[in-house]
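The values are calculated or read from the model by the stated rules, or taken from the named source; none is laboratory data. What you are looking at is a predicted structure, and each value in this text was computed from that prediction instead of being measured. Cβ placement follows ideal geometry from the backbone for every residue including glycine, while neighbour counts extend to all protein chains displayed.
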Amino acid sequence: MIIDSHAHIMTAVHGTSATGPTRSLSWGKVRWGDKTIQLLPPFNESTTFPAEALLAQMDWAGVERAVLLQGPFYGEANAYVASAVERWPDRFVGAFAPDPQAPNAQEIFKRCVEEYGLRIVKFELTEPTGLTGRYPDLRIDAPQFSWIFEAAQRDGLVVTFDLGKIGSRAYQTEAVASIAERYPDLQIVIAHLAQPPTNESGNAELNAIWEEQILLGHRANVSFDLSALPAYSPSYDEYPYAAAQDYIRRAAQLIGAGKIMWGTDVPGLLTSGSYRQLLNFVRLHCDFLSAGEKAQVLGLNALRVYWSFSS
């Protein structure tokens with residue numbers, strides 16, 4: 001079984017960021033504050049990536065299931081993600097991404113779990129597009145947020161963190177360690193393999209900070225997805241993404257392949273490679289993984305983490 005542990009769907013980009021709103025333009029372009037970026041390849045006139053587009057990519061590559069995460073950049077899509085899970089319950093599980101400082105945060109949390117049936121709580125802490133961009137002093141382990149993790153543990157939800165770039169305010173390794181210790185039955189996933197410093201792979205200080213976060217994987221309730229790694233690689237590092245492979249190898253040596261889940265971060269990663277390339281750089285080229293370890297990374301780990309509530 002192959003599972004994409006980190007994907008997004010959207011009918012249009014309508015999000016927020018520290019530098020201004022994000023809005024779909026045409027031919028894969030997006031307005032981000034006062035600049036224009038090429039978010040997607042120029043597939044069609046509308047810059048969109050609905051559930052049907054993701055399913056078509058998955059079917060083409062032989063991917064059985066996907067985890068639908070959310071984030072502020074794309075914009076809130078709780079009802080849309082829930083509808084996709086309802087239409088294709090054998091293919092998708094879904095997340096919501098609450099603002100824990102919003103005055104109605106508890107109401108939104110309850111609605112997403114009880115009404116929409118979403119089973120994953122996603123926190124994007126990144127400075128450019130996430131919570132620490134809006135709230136510079138935010139600490140995710142602050143006492144006022146304890147109710148979130150208590151509820152998630154009680155209800156068997158998964159909490160997924162995007163902790164941003166090494167050295168940023170979002171890179172809260174100690175905070176996640178504290179949460180993992182206080183809530184030992186709460187499944188925690190850290191996205192993007194802790195954002196390794198692929199552009200500065202020889203920097204001992206950055207590597208030490210990255211390894212400190214990766215070593216959280218020794219805790220029974222902490223895992224990582226490896227999504228978006230090709231986008232962090234140097235500009236000259238094309239498929240099969242040697243720099244990304246090297247950090248997967250390092251992580252597997254540090255915490256074992258049983259704590260790492262393949263994922264893509266599509267649609268944004270489709271400018272770094274095709275969906276099949278984003279799969280095949282692991283499936284065909286990570287030869288340091290045994291066949292059994294590849295099976296874990298490509299699907300079995302995500303099945304255990306994200307589908308355990310339905311077993």
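Here is a list of conditions, (1) part of a loop (DSSP other than H, G, I, E, B); (2) free of Cβ contacts under 8 Å to residues at least 60 places away in the same chain; (3) crowded, with 21+ Cβ neighbours inside 10 Å; (4) not hydrophobic (A, V, I, L, M, F, W, C), and His285 meets all of them except one; can you say which number that is?
(3)
What is the number of the single condition among (1) at pLDDT below 95; (2) outside any loop (DSSP other than H, G, I, E, B) that Phe43 does not meet?
(2)
Can you name the residue in the range 158-185 that is out of contact with any Ser or Thr (no Cβ under 8 Å at 6 or more places or on another chain) and polar (S, T, N, Q) and is also nearest to Ala302 (Cα to Cα) among such residues?
This residue is Thr160.
Name every residue in the range 170-192 that is touching a Leu at 6+ places or on another chain (Cβ under 9 Å), surrounded by 19 or more Cβ atoms within 10 Å (Cβ to Cβ) and touching a residue at least 40 places away in the same chain (Cβ under 8 Å), in order of residue number.
Answer for the range 170-192, where residues must be touching a Leu at 6+ places or on another chain (Cβ under 9 Å), surrounded by 19 or more Cβ atoms within 10 Å (Cβ to Cβ) and touching a residue at least 40 places away in the same chain (Cβ under 8 Å): Ala170, Tyr171, Gln172, Val176, Ala180, Gln187, Ala191, His192.
Restricting attention to the range 68-84, which residues are surrounded by fewer than 21 Cβ atoms within 10 Å (Cβ to Cβ) and at negative phi?
Scanning the range 68-84 gives Glu76, Asn78, Ala79, Tyr80, Ala82, Ser83.
Collect the residues in the range 247-257 that are of a type outside the set (Lys, Arg), in a helix (DSSP H, G or I) and either surrounded by 16 or more Cβ atoms within 10 Å (Cβ to Cβ) or on the phi > 0 side of the Ramachandran plot (or both), keeping them in residue-number order.
Matches in the range 247-257: Tyr247, Ile248, Ala251, Ala252, Ile255, Ala257.
From the list Ala220, Ala204, Ala228, Ala302, which residue is out of contact with any helix residue (DSSP H, G or I) (no Cβ under 8 Å at 6 or more places or on another chain), within 22 Å of Leu68 (Cα to Cα), of a type in the set (A, V, I, L, M, F, W, C) and modelled with pLDDT of 95 or more?
When all the criteria are applied, what remains is Ala302.
Filter the range 127-172 down to the residues that are among the aromatic types (Phe, Trp, Tyr) and assigned to a loop (DSSP other than H, G, I, E, B), then identify the one that is nearest to Asp225 (Cα to Cα).
Among those residues, the one meeting the criterion is Tyr171.
Out of (1) under 21 Å from the mean Cα position of the chain (by Cα); (2) more than 19 Å from Asp265 (Cβ to Cβ); (3) among the aromatic types (Phe, Trp, Tyr), the odd one out for Phe49 is which?
Unmet for Phe49, out of (1) under 21 Å from the mean Cα position of the chain (by Cα); (2) more than 19 Å from Asp265 (Cβ to Cβ); (3) among the aromatic types (Phe, Trp, Tyr): (2).
Can you spot a residue in the range 217-229 that is closer than 26 Å to Gly292 by Cβ, in contact with a Pro (Cβ under 8 Å, 6 or more places away or on another chain), buried (at least 17 other Cβ atoms within 10 Å of the Cβ) and touching a residue at least 12 places away in the same chain (Cβ under 8 Å)?
So far as the range 217-229 goes, yes, one or more of its residues are closer than 26 Å to Gly292 by Cβ, in contact with a Pro (Cβ under 8 Å, 6 or more places away or on another chain), buried (at least 17 other Cβ atoms within 10 Å of the Cβ) and touching a residue at least 12 places away in the same chain (Cβ under 8 Å).
Checking Ser310 against (1) among the small types (Gly, Ala, Ser); (2) modelled with pLDDT under 95; (3) under 26 Å from Asn207 (Cα atoms), which test does it fail?
In the conditions (1) among the small types (Gly, Ala, Ser); (2) modelled with pLDDT under 95; (3) under 26 Å from Asn207 (Cα atoms), Ser310 misses (3) alone.
If you take the residues of the range 68-126 that are assigned to a loop (DSSP other than H, G, I, E, B) and among the charged types (D, E, K, R), which of them is farthest from Phe161 (Cα to Cα)?
Among residues in the range 68-126 that are assigned to a loop (DSSP other than H, G, I, E, B) and among the charged types (D, E, K, R), the one farthest from Phe161 (Cα to Cα) is Asp90.
Answer yes or no as to whether Val93 is among the hydrophobic types (A, V, I, L, M, F, W, C) and touching a helix residue (DSSP H, G or I) at 6+ places or on another chain (Cβ under 8 Å).
yes
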